[in-house]
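**Q** Below you'll find the structure I mean.
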Amino acid sequence: MDRFENFINGKFVPAANGKSLPVYEPATGKQYAEIPDSDGADIAAAVGAAKATFPAWAELDGVARGQVLEKIARGIEDRLDELVAVESRDQGKPESLARRVDIPRAALNFRFYAAAASQFASESHPAPGALNVTLRNPVGVAGCIAPWNLPLYLLSWKLVPALAAGCTVVAKPSEWTPASAALLGEIARDAGLPDGVLNIVQGVGERCGKALVEHPDVPAISFTGGTATGADIARRAGPMFKKLSLELGGKNPTLVFADANFDQAVAGALRAAFSNQGEICLCGSRILVERPISERFRDAFVAGARKLEVGDPRDPNTDVGAIVSREHYDKVLGCLETARKEGANILCGGEALKLPGRLKDGWFISPAVIEGLGNDSRTNQEEIFGPAATLIAFDGEAEALALANDVRYGLAASLWTENLGKALRVSEKLQAGLIWVNCWMLRDLRTPMGGVKDSGVGHEGGFETMRFFTDTRNLCLKY
Ligand code: NAD
């Protein structure tokens, strides 16, 4: 049985209360590891370590901080095979996806901010007789709370800009996917990151996460996860006037117009719907198709979904791996049951699969394509966060926009058309923080990522995240 400890002040330690939690492998449904069931005492120790080392880390110049971050990037690349295996075993995603996306992207997060650390500048505003200098100082100890769907990728997307900006960090990974964060602790230590600059505390949200949010010495919380959790965090942190960045849920539309490049639109919509088992906040789970091509699109999309290989995450031919946990597996199956009760026509998939051999107790669901439901159905309004996508036909731009925007969320959208004017007109009115035209999840780390409506507040990416982890101070010099 593996054991992943907390990483506090440069040392791997168990929870102060001696308790632990089980960690399961989604592909087998079996426990394979345990983690500390940390609480306020462990968070207090981690925050204490981070606070003690903050002045020294903040006083290093950006180049020096960047050098350590670059060494961590190389450390991740050196342990690529191990991290790929660990991330896939913990999360259920295909190893091929972890190798292509998750782990290289985590390394890139470090490399990107290694460079950004030395380029981050304060602003000056010269005026006759006075010079204003707007300084940005790191806030102190940053709290970073991450979800389970892209464990190392999303955890690093928060903690690296915090470190680059000069903050020290207490990070809490998801209790369902703790393994890659534990390895990151080793890599950071081996790269020479000073003790206490990065602390990783494992445990459940209700005890460990809450204690981090409520700790008075943590002035900024960067959270990625569900909308209900985000609301709870906002309720607790709001009265303490903490800085908050909340990246929350989505129910993202994919809009396919009749003039789209058909094959590219089908391939793009399939990738957007089912990558990582549909467990990506940016997944396009509502596919809106212009009526003249809706039947042809439906047939091609269903044929594509049927071809997706559901199987062992270790198998290089697997497209769709296992669902992250028993709890989430039951939730997704429950959503599919709701769709059936609402009168959906499930064109393919949506079944709990029993696979042979070591996978016999694993949590696998075949990719579901659903039609026949109105946009006001629960299936089209609530985030499923699994391998399930709905199809809805529309007539013209106005109806496409009305359907796309008629949800509480506003995270991402992708639209497919060969008409640039239409792409711009529709994009202007889409209520979404990220809009892709003729592509999906094409990311440039310099650009802001974040949602509107119930998908959150704040943005991550580029200097924007580094600014989040700083306090602004204006100095006015009269001469
Ligand atoms: P979650 O909200 O259950 O948990 C996220 C993290 O918060 C975990 O580490 C958890 O332990 C912790 N947590 C739970 N309750 C807490 C509390 N009361 N106080 C402090 N911390 C707490 O989310 P999840 O199930 O891990 O992730 C899935 C959700 O995340 C989906 O809704 C998905 O859309 C969203 N997500 C959003 C983005 C984005 O960028 N907008 C990216 C990935 C995932």
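The values are calculated or read from the model by the stated rules, or taken from the named source; none is laboratory data. Quick caveat: nothing in here was measured; it's all calculated off a predicted structure. Note that each Cβ is placed from the backbone with ideal geometry, even for glycine, and that neighbours are counted across all protein chains shown. SASA here: full protein model, heavy atoms, side chains in, ligands and nucleic acids out. Shrake-Rupley method; radii C 1.70, N 1.55, O 1.52, S 1.80 Å.
**Q** Being within 16 Å of the ligand (Cβ to nearest atom), open to solvent by less than 60 Å² (accessible area, probe 1.4 Å) and either of a type outside the set (Ser, Thr, Tyr) or assigned to a helix (DSSP H, G or I) (or both) narrows it down to one residue among ILE346, ILE323; which is it?
**A** Of ILE346, ILE323, the one residue that is within 16 Å of the ligand (Cβ to nearest atom), open to solvent by less than 60 Å² (accessible area, probe 1.4 Å) and either of a type outside the set (Ser, Thr, Tyr) or assigned to a helix (DSSP H, G or I) (or both) is ILE323.
**Q** Which one of these does LYS422 not meet: (1) farther than 29 Å from LEU154 by Cβ; (2) open to solvent by 40 Å² or more (accessible area, probe 1.4 Å); (3) of a type in the set (Lys, Arg)?
**A** Going through the list (1) farther than 29 Å from LEU154 by Cβ; (2) open to solvent by 40 Å² or more (accessible area, probe 1.4 Å); (3) of a type in the set (Lys, Arg), LYS422 breaks only (2).
**Q** Related question: Which numbered condition trips up LEU131, out of (1) open to solvent by 30 Å² or more (accessible area, probe 1.4 Å); (2) in contact with a Leu (Cβ under 6 Å, 6 or more places away or on another chain); (3) under 22 Å from LEU163 (Cβ atoms)?
**A** All conditions are met except number (3).
**Q** Something else: Out of ASP90, ASP39, which single residue is at negative phi, over 23 Å from the mean Cα position of the chain (by Cα) and at pLDDT 95 or above?
**A** ASP39
**Q** Would you mind telling me which numbered condition in (1) crowded, with 21+ Cβ neighbours inside 10 Å; (2) assigned to a loop (DSSP other than H, G, I, E, B); (3) not hydroxyl-bearing (Ser, Thr, Tyr) PRO316 fails?
**A** Condition (1) is where PRO316 drops out.
**Q** Also, quick follow-up: Have a look at VAL139, VAL160 and point out the one that is in the same structural domain as THR470 (by TED's automatic domain parsing) and in contact with a strand residue (DSSP E or B) (Cβ under 6 Å, 6 or more places away or on another chain).
**A** VAL139
**Q** Do we have TYR24 as assigned by TED's automatic domain parsing to the domain that holds ASP471, open to solvent by 60 Å² or more (accessible area, probe 1.4 Å) and over 27 Å from ALA162 (Cβ atoms) here?
**A** yes
**Q** Keeping to the range 332-343, report how many residues are over 24 Å from PRO26 (Cα atoms), out of contact with any Lys or Arg (no Cβ under 9 Å at 6 or more places or on another chain) and in contact (Cβ under 8 Å) with a residue 40 or more places away in the chain.
**A** Counting residues in the range 332-343 that are over 24 Å from PRO26 (Cα atoms), out of contact with any Lys or Arg (no Cβ under 9 Å at 6 or more places or on another chain) and in contact (Cβ under 8 Å) with a residue 40 or more places away in the chain gives 0.
**Q** Checking ARG100 against (1) among the basic types (Lys, Arg); (2) outside any loop (DSSP other than H, G, I, E, B); (3) touching a residue at least 40 places away in the same chain (Cβ under 8 Å), which single condition isn't satisfied?
**A** Of (1) among the basic types (Lys, Arg); (2) outside any loop (DSSP other than H, G, I, E, B); (3) touching a residue at least 40 places away in the same chain (Cβ under 8 Å), only one is false for ARG100: (3).
**Q** State the number of residues belonging to the range 22-71 that are under 30 Å from ASP315 (Cα atoms) and acidic (Asp, Glu).
**A** Residues that pass the stated criteria total 2.
**Q** Between a residue in the range 318-331 that is among the aliphatic types (A, V, I, L, M) and any residue that is in a helix (DSSP H, G or I), which pairs come within a Cβ distance under 7 Å, given they are 6 or more apart or on different chains?
**A** Listed pairs, sorted by first residue: VAL320/PHE274; VAL320/GLN277; ILE323/GLN277; ILE323/TYR329; ILE323/VAL332; VAL324/GLN91.
**Q** Is there a residue being within 13 Å of the ligand (Cβ to nearest atom), buried (at least 17 other Cβ atoms within 10 Å of the Cβ) and not polar (S, T, N, Q) anywhere in the range 250-269?
**A** yes
**Q** Out of the residues in the range 442-457 that are crowded, with 19+ Cβ neighbours inside 10 Å and not charged (D, E, K, R), which is farthest from ARG271 (Cα to Cα)?
**A** Only one residue tops the list, namely GLY456.
**Q** Hey, another quick one. Given the options GLU382, GLU428, name the one that is closer than 16 Å to PRO253 by Cβ, within 16 Å of the ligand (Cβ to nearest atom) and surrounded by fewer than 21 Cβ atoms within 10 Å (Cβ to Cβ).
**A** GLU382
**Q** When you check SER88 against the structure, is it in the same structural domain as TRP148 (by TED's automatic domain parsing) and crowded, with 21+ Cβ neighbours inside 10 Å, yes or no?
**A** Yes.
**Q** Select from the range 209-223 the residues that are more than 9 Å from the ligand (Cβ to nearest atom) and open to solvent by 40 Å² or more (accessible area, probe 1.4 Å) and list them in ascending order.
**A** Within the range 209-223, the first condition is being more than 9 Å from the ligand (Cβ to nearest atom), and the residues that meet it are 215-220, 222.
Selection gives PRO216, ASP217, PRO219.
**Q** Please determine, by comparing only the residues of the range 175-195 that are under 17 Å from GLY225 (Cα atoms) and open to solvent by 10 Å² or more (accessible area, probe 1.4 Å), which one is nearest to the ligand (Cβ to nearest atom).
**A** First pass over the range 175-195, keeping only residues under 17 Å from GLY225 (Cα atoms): 175-178, 181.
Add one more test, that the residue is open to solvent by 10 Å² or more (accessible area, probe 1.4 Å), and what stays is 175-176.
Working: GLU175: 5, TRP176: 7 Å.
Out of the qualifying residues, it is GLU175.
**Q** Of the conditions (1) closer than 29 Å to GLU25 by Cβ; (2) in contact (Cβ under 8 Å) with a residue 24 or more places away in the chain, THR379 clears all except one; give me its number.
**A** Of everything listed in (1) closer than 29 Å to GLU25 by Cβ; (2) in contact (Cβ under 8 Å) with a residue 24 or more places away in the chain, THR379 misses just condition (1).
**Q** Follow-up question, since we're still on this one. Of everything in the range 224-247 that's small (Gly, Ala, Ser) and open to solvent by less than 70 Å² (accessible area, probe 1.4 Å), which residue is farthest from the ligand (Cβ to nearest atom)?
**A** Going through the qualifying residues, I end up with GLY238.
**Q** Pairs under 6 Å by beta carbon, first residue over 21 Å from LEU159 (Cα atoms) in the range 116-135, partner open to solvent by 40 Å² or more (accessible area, probe 1.4 Å) and of a type in the set (Ser, Thr, Tyr), six or more apart or different chains?
**A** VAL133/SER124; THR134/SER122; LEU135/SER122
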